Amino acid sequence: MDKIVAANWKMNKSISQSEKFVRKLKKVDVRNNVIIFPSFIALPAVSQILEKERCGAQDSFYESSGAHTGEVSPEMIKEVADYVIIGHSERRAKGETNEILNKKVKACSAAGLKIIFCVGEKEGEDSHAVVKKQIIEGLKGTDALTDFVIIAYEPVWAIGTGKTPETDEIMEAVKYIKSLYSCEVLYGGSVNGENAEEILKICDGVLVGSASLDFQSFLKIARS
Ligand code: PGA
């Protein structure tokens, strides 16, 4: 079965750089189910080139409309993308609580978006305890929505550091998460062209940050 290979571009690539990347991507064969998460400003352009089902937003607000300067609603995203990332550790670090994330998950699934919900412990924290709390609180009341939810296990200490857990540790974390919530589980944190093949064998896909910015390195992962 195809695996999910999600590219989180974070605050990188201009509109034209994003367009150039996805134009090249469209021309090549990839084995896996690739989903691109560009910046909000590049998302409509990327979505015009790729299909909507291969595009996602890096965040969403939880209200549909109104006086919320700077925010983007799930309904607005759904016009150009089928996916959204909720609860990335870089947003949690800016003060997003499990309670806020829960509102976002509910609003996004109501709008028909598929959610990649990120969980993971910081260096030195108990992985099971942290992940369990993030899932129980962040995904509260969403048991009927498991078709809309994908969980990404991303140990914070592995993001952008070049460090990854051992394969059996990832396998164990994926199994534990599936025992708490029945959905597909991705791994994220320093995935690259060298380790992607091995990691993809033990989970349902990968969420890739830095290695997704360079076309050739991303292609290698997408073909793993
Ligand atoms: P990284 O980022 O691949 O650069 O470690 C992953 C992520 O933040 O999702």
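Summary of computed values
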| item | result |
| --- | --- |
| The range 25-72: C-alpha gyration tensor shape, a/c 1.5 cut-off, then a/b vs b/c | prolate |
| Relative contact order (percent, whole number), the chain, Cα cutoff 8 Å, 6+ residue spacing | 20 percent |
| Inter-probe distance in nm under a simple model that places probes 7 Å from Cα toward Cβ, at residue 122 and residue 161 | 1.2 nm |
| Accessible area per residue, Å², the range 1-85 with all protein chains present, probe 1.4 Å | 52 Å² |
| Equivalent ellipsoid semi-axes, the range 40-166, via Cα gyration tensor eigenvalues times 5, rooted, Å | 25, 17, 14 |
| Separation of alpha-carbon centers, the range 1-18 and the range 43-74, rounded to whole Å | 14 Å |
| Separation of the residue 140 and residue 71 label points, Cα + 7 Å toward Cβ, nm | 1.8 nm |
| Relative packing of peptides 195-201, 114-120 - highest average C-beta neighbours within 10 Å first | 114-120, 195-201 |
| Gain upon complete extension [residue 41, residue 202; 0.36 nm per residue less C-alpha separation] | 54.5 nm |
| Approximate shape of the chain as ellipsoid semi-axes (Cα gyration tensor, √5λ), whole Å, largest first | 24, 23, 15 |
| Solvent-accessible area per residue for the range 142-224 (1.4 angstrom probe, square angstrom) | 44 Å² |
| Carbon plus sulfur fraction of accessible area for the range 4-78, probe 1.4 Å, in percent | 49 percent |
| Solvent-accessible surface (1.4 angstrom probe) belonging to residue 223, in square angstrom, nearest 10 | 110 Å² |
| Linear extension gain, residue 17 paired with residue 214, 0.36 nm per residue minus alpha-carbon span | 69.8 nm |
| Label zone at residue 130, where the point sits 7 Å out along the Cα-to-Cβ direction: the range 86-100 residues whose backbone N lies under 18 Å | 86-99 |
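The values are calculated or read from the model by the stated rules, or taken from the named source; none is laboratory data. What you see is a predicted model; the values in this text were computed from it and never measured. For neighbour counting, all protein chains shown are included, and Cβ atoms are generated from backbone atoms with ideal geometry for every residue, glycine included. The accessibility values were calculated without ligands, DNA or RNA, using every heavy atom of the protein model including side chains. Shrake-Rupley method; radii C 1.70, N 1.55, O 1.52, S 1.80 Å.
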